[in-house]
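Just so you know, all these numbers are worked out from the coordinates, no wet-lab data involved. Here the structure is a predicted model, which is why all the values come from computation and not from measurement. Here the Cβ positions follow ideal geometry from the backbone for every residue, glycine too, while neighbour counts run over all protein chains shown.
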Amino acid sequence: MANRIMLNETSYHGAGAIQEIATEAKARGYKKAFVCSDPDLIKFGVTGKVTDVLDGAGLAYEIYSDIKANPTIENVQHGVAAFKAAEADYIIAIGGGSSMDTAKAIGIIIANPEFEDVRSLEGTAPTKNPCVPIIAVPTTAGTAAEVTINYVITDVEKKRKFVCVDPHDMPVIAVVDPDMMASMPKGLTASTGMDALTHAIEGYTTKAAWEMTDMFHLKAIEIISRSLRGAVANEKEGRDGMALGQYIAGMGFSNVGLGIAHSMAHTLGAVYDTPHGVACAMMLPIVMEYNQECTGEKYREIARAMGVKGVDDMSVDEYRKAAIDAVRQLSVDVGIPTKLEALKEEDLQFLAESAHADACAPGNPKDASVEDLKELFRKLM
Ligand SMILES: NC(=O)c1ccc[n+]([C@@H]2O[C@H](COP(=O)([O-])OP(=O)(O)OC[C@H]3O[C@@H](n4cnc5c(N)ncnc54)[C@H](O)[C@@H]3O)[C@@H](O)[C@H]2O)c1
Ligand SMILES: [Fe+2]
């Protein structure tokens, strides 16, 4: 089977990039924007940076903000109704993965109304039409949802998060402006940044990885490793690096998939509402240890990209340990916890079964049984 690469039609990068939104909207003849963002971003004036650009250019818009972190089926369905009422013709998604994923689901259902139940979009949905055009503006440096063909929705009733994979949801334009991320508090910068590192490492080692995606992932690991500490300290160089590094990771993993650190993180998000980045960061070194024997020489390149010296003189065991240690050290340095207090022994069976059924599980380099997953979750206790 041929390898497929899908990316945005256009992407803008760098401080001040949001100015391009007005130019693009006018050039494309868009009439009215449905601005999808979350309540905190509106409160903190982050969404306002973009609506100021729209106001300045005389462009019409309506704001939708009924979106919670780990967005739900209900958030999507209310959004679909609001989009129809707004009579908009494009979406501007402003936020982290939660706002961008909700926007994608809304845009897909508007163009493919037979999926209005949302649940039927799980996995690879056979939608026929591209979603409403989306201009995606990330405000976290983590998910890279602005350049992925995925979105993740929470089914509150069934206590699970489900991943939808659909090329029709790719945002037409991504506007990756580090100034939009500058207001992130330390903890959010750290956890979303570790999500990006998890994308890069899982994407690099996933079963479908190939030379072109390896290129994206290794570059992303390098940029994220050298930038995350600085971003957490709110330094410009660190913020710029994270904006770029997380996007490059997205260029890769969206096209080849992830692994069980993500399956397990999705489950923790659904059951305990654990922020996605925190869950990924906690799982990543545990899963790297579990996967190591199925990764050939890849951990040598991960260690090298993370700045470990002398990797060429190391034995297989040494460079694998060096890569895992480098990830653990970065996680500790940016203040990520290693234990999840909410986790309970009686939940393990459900968590493991749910992670086993997750769309990211088949991509893991080592096939993990429900029993294996239980053991891996137990390491968080
Ligand atoms: N589509 C994909 O490919 C993909 C990949 C990974 C994760 N995800 C999903 O994305 C979601 C997580 O997204 P996220 O980690 O970006 O966080 P988020 O969108 O859930 O936001 C978390 C919190 O951070 C706040 N916030 C965001 N940007 C801010 C800023 N600049 N300043 C101050 N506060 C800010 C938000 O208001 C919110 O309260 C999860 O549901 C996860 O499953 C999607
Ligand atoms: Fe993620």
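With the condition being under 30 Å from Arg160 (Cβ atoms) and in contact (Cβ under 8 Å) with a residue 24 or more places away in the chain, I'd like the strands (runs of 3 or more DSSP E) fully within region 1-90 carrying at least 3 qualifying residues.
On the way: elements: 10-13, 32-36, 60-64.
Where strands (runs of 3 or more DSSP E) fall fully within region 1-90 and carry at least 3 residues being under 30 Å from Arg160 (Cβ atoms) and in contact (Cβ under 8 Å) with a residue 24 or more places away in the chain, they are 32-36.
Within region 174-208, if we keep just the residues that are surrounded by fewer than 23 Cβ atoms within 10 Å (Cβ to Cβ) and among the hydrophobic types (A, V, I, L, M, F, W, C), the residue that is farthest from Gly14 (Cα to Cα) turns out to be Ala208.
Run down Ser65, Ser120 and say which single residue is among the polar types (S, T, N, Q) and over 26 Å from Thr23 (Cα atoms).
Details: Ser65 fails: over 26 Å from Thr23 (Cα atoms).
None of the others qualify; the one that does is Ser120.
When every residue of region 148-156 is checked against the conditions, at least one turns out to be under 12 Å from the mean Cα position of the chain (by Cα) and more than 22 Å from Glu74 (Cα to Cα).
Among helices (runs of 4 or more DSSP H) lying entirely in region 264-333, which contain 2 or more residues that are within 16 Å of ligand 2 (Cβ to nearest atom) and among the small types (Gly, Ala, Ser)?
Numbers: elements: 276-291, 298-305, 316-333.
The helices (runs of 4 or more DSSP H) meeting that bar are 276-291.
Within the option set Val156, Val163, Val147, being within 16 Å of ligand 2 (Cβ to nearest atom) and surrounded by fewer than 24 Cβ atoms within 10 Å (Cβ to Cβ) holds for one residue only, Val163.
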